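First up is the structure itself, then whatever we jot down about it.
The values are calculated or read from the model by the stated rules, or taken from the named source; none is laboratory data. All figures in this text were calculated on a predicted structure; none of them were measured in a lab. Cβ: placed from backbone, ideal geometry, glycine included. Neighbour counts: every protein chain shown. In case anyone asks, the SASA skips ligands and DNA or RNA and just uses the protein heavy atoms, side chains included. Shrake-Rupley method; radii C 1.70, N 1.55, O 1.52, S 1.80 Å.
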Amino acid sequence: AINTVADLPEYSAVTGYIYVSEWGIKFKIPSDIADLSYILDQKYRPQICFNGYQTGTKYFPGFADIDQNPGGMGCITRVASYEGESDKDSGYSFGEKVYTYNDFNYFYNAPARVFSSSEAEKGLESTAVQIIKNMLANNISHYE
């Protein structure tokens, strides 16, 4: 339970990886993402949501700002394996299963909506979402 700031878990990026010690997993940070940020969201199930933008972008776009678009660019959700791939009560899928480790399944969840309003920025956002999806779906592994 998180009741104070002191209770927040700490995640660190070391040598090109984000290590999630509570889950025993790590993500390789793509070289083509800039200002990658992430937050822990536990409203329904434990999940980590990410924001960032493609390296080489000439400005900091609003879609990548975690304050404006908190976790709006893709999430990884942790669910006990015995729960299956969908919520028993609602029937809704947990997302795209991308990894299993230590009796937990990890599901990728795409953004719920496009944040950007301009067509030019929508293209930048789409590219960044794909980079983050690749990180969460294909560059996840466990560590000891």
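A few points about this structure:
- For S86, the residues whose modelled amide H falls within less than 5 Å of its own, excluding neighbours fewer than 5 places apart on the same chain, are F94.
- Each residue of region 59-64 was assigned a 3J(HN,Hα) from its phi angle through the Karplus curve 6.51 cos²θ - 1.76 cosθ + 1.60 (θ = phi - 60°); the sequence is 8, 8, x, x, 4, 8 Hz, with glycine and proline shown as x.
- Amide hydrogen neighbours beyond the local backbone of G74, cut-off 5 Å, H modeled: F50
- Per-residue 3J(HN,Hα) values for region 85-97, derived from phi via the Karplus relation 6.51 cos²θ - 1.76 cosθ + 1.60 with θ = phi - 60°, read 10, 8, 5, 5, 6, 8, x, 6, 5, 6, x, 8, 5 Hz in sequence order (x marks Gly and Pro).
- Sequence-separation-based contact order of the chain, relative, with Cα cut under 8 Å and 6+ spacing, percent: 23
- Against the chain, whose longest principal axis is taken from its Cα atoms, helix 119-138 shows a tilt of about 30°.
- Taking the protein heavy atoms of the chain in the context of the full set of protein chains, the accessible area attributed to carbon and sulfur is 49 percent at 1.4 Å.
- Residues of region 4-144: accessible area per residue with a 1.4 Å probe, Å²: 55
- Compactness of region 50-144 - radius of gyration and Dmax, Cα, Å: 15.1, 46
- Distant-in-sequence amide H partners of Y17 (H built 1.01 Å from N, under 5 Å): I29
- The chain, dipole about Cα centre (Lys/Arg Cβ +1, Asp/Glu Cβ -1), debye to the nearest 20: 240
- For region 65-78, backbone phi angles converted through the Karplus equation (6.51, -1.76, 1.60; θ = phi - 60°) give residue-by-residue couplings of 7, 5, 6, 7, 9, x, x, x, 10, x, 9, 10, 10, 9 Hz, Gly and Pro being listed as x.
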